[in-house]
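Undergrad: Here's a structure for you.
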Amino acid sequence: MSHVVSVVEKEAIPEEPIIIAGLPDIGLVGVIAAVHIASSLNMKDVGSVESDLLPPLVVLYNGLPKPPVRILSSGKLVVILSETAIPASAVYKVAHAIVQWALEKKAKLLVSIGGVAVEDRHSIDKPKVFASASDEATLDTVKGKGVEPLDKGYIVGPYALILRYSAMQNIPAISLLAEAFFNYPDPEAAASAITELNKILDLNVDVSKLREKGEEIRLASKDIMRRTQLEMAKMRKSQEYDVPPLHV
Amino acid sequence: MSSERRRRSIFEMFDEYFERVEALVEHQVEALMERPSWRPVSSTIEPLTNIFIEATEVVVTADIPCTDPRKTRVNFIDEDTLEVTAPLQRCVKYGDFRVRHRRGEFRQFHTRFKVPVPVEKHEAKITCKRGVLEVRIPRKLGVPTAIE
């Protein structure tokens, strides 16, 4: 298993799934959203992402081990959820493995949920959500649902690679990025992202509990945020604040 | 050793030097991260924090959910050290997170900041919105040098 990332299916996952990736990133938006979606839809564990590039740990639930990067599903809706910061050195291979697996499963859509850091976040009541997509048709679909495109800028980290590799492999993929605190857990941003996801996928995931329990979620998520912060620094995540050069 | 040194260009030596400095900084940051942020002995939690040095002020923020802003205390304990204490609205235990093999309860957030540039500590402005504490402290600005 030397420096290889593999997606392991513990139970058969149907073809043509819609895959939602919730990886640790800005404001932990993806992780918080993925946990909420998985628990709201009573998803069950069906697999994991395995690699010796990931930290050597298990997450214990009721005394039993769970892998740090889990795959959960309910029908054709699949969530990839990481409960540990993805090391910067593993990001390329993890993103590549996820996209290759999506290709093998003939995924209908690969959705990454994340955050876009805004400095005045504490004065924003309802964080806006922006979208980018792997191809024009997918972006048009998302725009048709009323989600504003992230027109120009940098995305850095696993979601950047997922989007890039998906475009290369012709997999319809979108990144949903909610305005968020850079390195504080942001359940309100996760709630905004899910609200937009509901529109795109015709889901009905209730976000009221996420908003009510927001402060407790922030308290419980602070350690994974702290470790994610370190990995984001290694990825030069602050490049997302940069202005790209003029369009050619 | 000396012949090896002659073969390296000044640029290579600079590169090596910066790589060593970068590795050292990374190592120290990681060592800091390995320190537990839940401290049962003092019943405190170390919050997530940020510090920004702007042109005219220093902005310090801390994520302090589950606290009452009216009970949060921000003090300069000396010229360049800021201390933040924010009592939790209720006592939090490991068991609240279903962590049952550890004992300990937590009553407040507590942290200290070293402010890296001179500031006017008596003019600090403090706000707390959405459980994020923000302290804005004007910088002590020196006498500007005239451009000839």
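Undergrad: Report the label-to-label distance for A:Lys106 and A:Asp120 in nanometres (one decimal), using points 7 Å from each Cα along the Cα→Cβ vector.
TA: So the two model labels end up 4.9 nm from each other.
Undergrad: Would you compute the Debye intensity of chain B from its alpha-carbon atoms alone, equal scatterers and no solvent, and pass along log10 I(q)/I(0) at q = 0.12 Å⁻¹ to two decimals?
TA: At q = 0.12 Å⁻¹ the computed log10 ratios are -0.70.
Undergrad: Cut-off under 17 Å on the C-alpha distance; same-chain residues fewer than 8 positions from B:Lys71 excluded. Which lysines are left, in chain and number order?
TA: Cα-Cα hits under 17 Å: B:Lys125, B:Lys129.
Undergrad: Seen from all sides and averaged, what is the projected area of the convex hull of the Cα atoms in segment A:14-238, in nm²?
TA: Numbers: hull surface 45.8 nm².
That works out to 11.5 nm².
Undergrad: Need the full-extension length gain, B:Asp68 to B:Arg90, defined as separation in residues times 0.36 nm minus the C-alpha distance. One decimal, nm.
TA: Working: separation 22, 0.36 × 22 = 7.92 nm, distance 1.01 nm.
Taking 0.36 nm per residue and subtracting the Cα distance, the gain is 6.9 nm.
Undergrad: Sticking with this structure for a sec: Once you have a ≥ b ≥ c as the square roots of the Cα gyration tensor eigenvalues for segment B:72-148, tell me rounded if a/c is under 1.5, and otherwise prolate or oblate according to whether a/b is larger than b/c.
TA: Values: a/c = 3.56, a/b = 3.06, b/c = 1.16.
In terms of gyration-tensor shape, prolate.
Undergrad: Next question, about the same structure. Using C-alpha positions alone, give me the convex hull volume of the protein assembly as shown per residue in cubic angstrom. Write out the running numbers ahead of the final one.
TA: Numbers: hull volume 88.8 nm³, N = 396.
Convex hull volume per residue, Cα atoms: 224 Å³.
Undergrad: Now a separate question. Mind listing the phi-derived Karplus ³J(HN,Hα) values for segment A:234-245, rounded to whole Hz, using 6.51, -1.76 and 1.60 with θ = phi - 60°, and x for any glycine or proline?
TA: Running phi through 6.51 cos²θ - 1.76 cosθ + 1.60 with θ = phi - 60° gives 5, 7, 6, 4, 5, 5, 5, 7, 6, 9, x, x Hz.
Undergrad: Could I ask something else about it? Pairs of Cα atoms under 8 Å, at least six residues apart: use those to get the relative contact order of chain A, whole percent.
TA: Values: 514 pairs, mean separation 62.1, N = 248.
Relative contact order, chain A: 25 percent.
Undergrad: Another one. What order do you get for B:Cys91, B:Cys66 when you list them from fewest to most C-beta neighbours inside 10 Å?
TA: Values: B:Cys91 12, B:Cys66 19.
Fewest-to-most Cβ neighbours within 10 Å comes out as B:Cys91, B:Cys66.
Undergrad: What's the FRET efficiency of B:Val143 with B:Arg107 using the Cβ-Cβ distance as r and R₀ = 51 Å, to the nearest 0.05? Display every interim value, and only then the final one.
TA: Details: r = 46 Å, r/R0 = 0.91.
Efficiency at R0 = 51 Å is approximately 0.65.
Undergrad: In which sequence would A:Ser48, A:Ser192, A:Ser6 go, from the one with the fewest C-beta neighbours within 10 Å to the one with the most? Present the calculation step by step, with values, prior to reporting the outcome.
TA: On the way: A:Ser48 20, A:Ser192 26, A:Ser6 13.
By the 10 Å Cβ count, ascending: A:Ser6, A:Ser48, A:Ser192.
Undergrad: How big is D for segment A:85-193, in µm² s⁻¹ as a whole number, if Stokes-Einstein is applied with the Kirkwood radius of its Cα pairs at 25 °C and 0.890 mPa s? Before the final figure, lay out the partial values.
TA: On the way: Rh = 14.5 Å.
The estimated diffusion coefficient comes to 169 µm²/s.
Any read-out appearing in this document is the output of simple, stated calculations on the displayed coordinates, not a laboratory observation. This is a predicted model, so every value here is computed, not measured. Here Cβ is always computed from backbone atoms with ideal geometry, including for glycine, and neighbour counts include all displayed protein chains.
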